[in-house]
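Asks: First, the structure itself, so that you have it in front of you.
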Amino acid sequence: MTRRRSTAWAWNDRSISILSPLILLGLWEICARTHLIDVRFFPAPTNIVKHLVDLAASGALWKHVGASLYRLAVGFVVGCIPAIVLGLAIGLYRPVRAAFDPLISATYPIPKSSLLPLILLIFGLGESSKIAMVAIGVFYPVVINTAAGVRQIAPIFLDVGRNFGASRFNMFRTVALPGSLPLIMTGIKLGAGMGLVLIAIAEMVGAKQGLGYMIWNAWELFDVETMYVGLFVIAIIGFVMNTGFDALERAIVPWRKG
Amino acid sequence: MAMQATTATGSESGIAPAPKISLRDVTRRHGVNLALDRITLDIPASTFFVVVGPSGCGKTTLLRMLAGLDAPTEGEIRISNPQPGHPQNAMVFQGDSLFPWMTVWENAAYGLKMRNVAASVITEVVGHYLGKTGMYGARALYPHQLSGGMRQRVSIARAFANDPDILLMDEPFSALDEQNKTLLHEELLRIWEETRKTVVFITHSVDEAVTLGDRIMVMTAGPGRIKTIVNVDLPRPRNVVELRHMPAYGELVYNIWAQLREEVDRTRSRETGSGS
């Protein structure tokens with residue numbers, strides 16, 4: 001019977017996580033309807049949803065979502081792949097670490113959003129500046145976590161590899177990569193979140209589409225409901241992204257506890 | 001400074017069988033620190049050879065050199081009659097050495113996979129040793145889903161499955177409770193009887209040494225030297241529990257403890273004594 005009870009618990013946990021935002025929205029709705037809050041700044045969620053449906057039906061929303069997702073995806077790949085390669089190299093080879101560690105530690109604390117003017121200067125107002133912003137945001141957490149992931153592999157696993165005759169390549173494939181994978185995944189999740197933050201900011205400057213532009217433009221027109229639609233959609237993208245990466249992690253890191 | 005280096009070859013039976021492992025004046029320094037001092041030793045083939053000594057006496061250093069994970073500073077290690085197509089050694093490590101990212105089966109098959117052994121052979125051999133260690137039913141689990149005893153069973157299966165020339169074991173049961181330890185002693189002896197590979201087994205437990213070993217080498221407190229080598233003439237196959245009834249067992253444990261005691265005391269007085 002313990003089995004049934006544990007599934008019941010899992011279901012309860014899930015229902016709580018679904019219910020809590022719904023309850024919050026419900027409260028918001030009530031407060032808006034009873035004018036406890038200023039509906040000019042906090043329109044009722046049902047109105048926002050109605051507006052969202054309108055925007056989706058007209059196709060305007062998809063244009064912005066598509067543009068943002070495209071930049072996010074390309075920027076993610078552009079930032080993630082070199083970060084994993086460099087991170088593994090930093091973790092495995094001392095000279096590489098000596099060369100890159102100080103550079104990374106020195107530039108990491110710079111708020112990435114403050115780089116936007118410089119990025120615009122270098123890449124111009126087009127797509128590449130948006131992609132570059134996402135790539136920078138993804139790069140740091142992934143490179144730092146990958147390097148840490150390699151270094152936290154217990155030395156005994158390297159001994160086991162050597163003792164059982166693993167070649168250099170197999171040492172990499174069967175020990176270094178899987179051993180650092182849990183932290184690589186942590187880096188990827190943090191990086192994707194950072195990418196989402198930066199794409200919204202980047203699109204507020206010199207963009208003609210994208211969710212960031214949509215929000216900024218709505219602010220300029222004092223179209224508060226559209227602004228909220230933009231925020232809602234970004235929240236949903238973040239949530240879906242996180243759920244997706246969690247599922248990916250469970251699939252490729254099945255040994256990670258909890 | 002008492003240091004009689006008894007040679008291992010002087011077995012009572014007279015003619016010693018050809019040594020499988022020979023060490024000649026093997027010395028190892030860690031920086032200025034002398035860890036092992038001129039170890040000269042012959043281990044005959046098919047011997048279960050146990051090394052006991054106080055902590056920090058260089059037991060593990062000795063084993064790592066036999067495994068080729070460290071090199072001696074001076075001296076020579078020879079392993080004779082290498083069997084073609086077999087790895088020279090396989091080690092059962094102290095503590096958790098199973099790859100957390102591999103299942104029980106993948107862990108046990110690791111050595112064979114690294115040697116590119118045919119898949120059908122891997123299936124057969126790994127299945128055999130996981131069966132012998134009672135871990136076949138758990139083959140799809142990951143190490144974090146296993147108890148400490150189960151993990152060491154898989155670790156033993158991994159070493160035996162690799163079918164090495166010699167087996168090296170570095171305090172494989174030190175983290176286990178008494179009951180698990182006794183069970184694993186039984187299982188290890190049962191598997192070992194089938195193959196009678198040359199084993200070098202390191203422990204700090206005198207009981208374990210007498211239960212398992214054909215010969216027991218007692219080491220001095222650092223720097224590690226050979227204090228004495230004792231032959232264990234208890235009959236095989238051994239029943240791990242029944243063994244403790246035998247007067248010879250008690251006597252061996254007592255004698256080895258007496259030898260070891262001096263060294264343990266010396267380690268302790270050194271630690272509590274003059275500063276470092």
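Asks: If you scan the stretch B:87-108, which residues turn out to be more than 8 Å from every other protein chain (Cβ to nearest Cβ) and under 19 Å from the mean Cα position of the chain (by Cα)?
Replies: Result: B:Gln88, B:Val92, B:Gln94, B:Leu98, B:Ala108.
Listed here are the residues, each with its yes/no results for (1) assigned to a helix (DSSP H, G or I); (2) modelled with pLDDT of 95 or more; (3) surrounded by fewer than 12 Cβ atoms within 10 Å (Cβ to Cβ); (4) basic (Lys, Arg).
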position: A:Arg3; (1), (2), (3), (4): yes, no, yes, yes
position: A:Val39; (1), (2), (3), (4): no, no, no, no
position: A:Leu88; (1), (2), (3), (4): yes, no, no, no
position: A:Ser113; (1), (2), (3), (4): yes, no, no, no
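Asks: Do we find that B:Gly134 is in contact with a Pro (Cβ under 8 Å, 6 or more places away or on another chain), of a type in the set (Gly, Ala, Ser) and without any contact (Cβ under 8 Å) to a residue 60 or more places away in the chain in this structure?
Replies: Working: in contact with a Pro (Cβ under 8 Å, 6 or more places away or on another chain): no; of a type in the set (Gly, Ala, Ser): yes; without any contact (Cβ under 8 Å) to a residue 60 or more places away in the chain: yes.
Here the answer is no, as B:Gly134 does not meet what is asked.
Asks: In addition: Within the stretch A:170-203, which residues are facing another protein chain (nearest Cβ under 10 Å) and of a type in the set (A, V, I, L, M)?
Replies: A:Met171, A:Val175, A:Leu177, A:Leu181, listed by residue number.
Asks: Scan the stretch B:188-245 residue by residue and report those that are surrounded by fewer than 24 Cβ atoms within 10 Å (Cβ to Cβ), more than 20 Å from B:Val26 (Cβ to Cβ) and aliphatic (A, V, I, L, M).
Replies: The answer is B:Leu189, B:Ile191, B:Val206, B:Val230, B:Val232, B:Leu234, B:Val240, B:Val241, B:Leu243.
Asks: Wholly within the stretch A:122-196, which helices (runs of 4 or more DSSP H) include no fewer than the required count, namely at least 1 residues that are buried (at least 22 other Cβ atoms within 10 Å of the Cβ) and out of contact with any helix residue (DSSP H, G or I) (no Cβ under 8 Å at 6 or more places or on another chain)?
Replies: Numbers: elements: A:127-151, A:155-163, A:168-171.
Where helices (runs of 4 or more DSSP H) fall fully within the stretch A:122-196 and carry at least 1 residues being buried (at least 22 other Cβ atoms within 10 Å of the Cβ) and out of contact with any helix residue (DSSP H, G or I) (no Cβ under 8 Å at 6 or more places or on another chain), they are A:155-163.
Asks: Kindly indicate the residue of the stretch B:47-85 that is at pLDDT 90 or above, under 26 Å from B:Glu194 (Cβ atoms) and over 13 Å from the mean Cα position of the chain (by Cα) and also farthest from the other protein chains (Cβ to nearest Cβ) among those meeting that condition.
Replies: B:Ile79
Asks: Kindly indicate whether A:Gly210 is on the phi > 0 side of the Ramachandran plot, surrounded by 20 or more Cβ atoms within 10 Å (Cβ to Cβ) and of a type outside the set (A, V, I, L, M).
Replies: Working: on the phi > 0 side of the Ramachandran plot: yes; surrounded by 20 or more Cβ atoms within 10 Å (Cβ to Cβ): yes; of a type outside the set (A, V, I, L, M): yes.
Yes.
Asks: Filter the stretch B:19-39 for residues that are among the β-branched types (Val, Ile, Thr) and without any contact (Cβ under 8 Å) to a residue 60 or more places away in the chain; which is nearest to B:Glu76 (Cα to Cα)? Reasoning before the result, please.
Replies: Taking the stretch B:19-39 and keeping what is among the β-branched types (Val, Ile, Thr), we get B:21, B:26-27, B:32, B:39.
Applying the additional criterion that residues be without any contact (Cβ under 8 Å) to a residue 60 or more places away in the chain yields B:26-27, B:32.
Numbers: B:Val26: 6, B:Thr27: 9, B:Val32: 20 Å.
Applying the filter and picking the extreme gives B:Val26.
The values are calculated or read from the model by the stated rules, or taken from the named source; none is laboratory data. As the structure is a prediction and not an experimental result, all values here were calculated from the model. When we count neighbours, we look across all protein chains shown, and the Cβ atoms used for this are built from the backbone with ideal geometry, even at glycine.
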